[in-house]
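In what follows, a structure is listed as structure tokens, so that the remarks can point back to it.
Bear in mind that the values in this text are calculations on the coordinates, not laboratory data. Since we're looking at a predicted model, the values are computed, not measured. Cβ coordinates were reconstructed from backbone atoms using ideal geometry, including for glycine residues, and neighbour counts include every protein chain displayed.
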Amino acid sequence: MNKLPILYRRKEECCGCTACCAICPKEAILMVADEEGFEYPQIDENKCVRCYQCIKVCPIKSNL
């Protein structure tokens, strides 16, 4: 089985644009607020089909 995509390791690696959430064909990504109220994507392992569309659409990851 393919590994679960890693959208970010540190909060600085996520701009909160929700592109990953919008492109997910299985609606496996939810935006969850942290303790300061900023939203970050969280993947539901049970829904994720490991298509990696979220990684491909990410404006930060696509610039690496």
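Observations on the model:
- Label separation (Cys51 vs Glu36): 3.3 nm, computed from points 7 Å beyond Cα along the C-beta direction.
- Answer label for Rg/Rh (Cα atoms, Kirkwood Rh) (calculated), chosen among [x] 1.25; [y] 1.50; [z] 0.94: [z]
- A simple count of charges around Lys26, restricted to other residues whose Cβ falls under 9 Å of its Cβ and scoring Lys, Arg +1 and Asp, Glu -1, yields -1.
- Surrounding net charge for Pro5, when Lys and Arg each add one and Asp and Glu each subtract one, Cβ distance under 14 Å: +4
- Considering only Glu35, Glu12, Glu27, the Gaussian network model of the chain with Cα springs below 10 Å gives its largest mean-square fluctuation to Glu35.
- Calculated [θ] (222 nm, deg cm²/dmol) that DSSP helices of n ≥ 4 give over the chain, each run adding -39,500 (n - 2.57): -3000 deg cm²/dmol
- Here the relative contact order of the chain, from alpha carbon pairs under 8 Å that lie six or more residues apart, stands at 37 percent.
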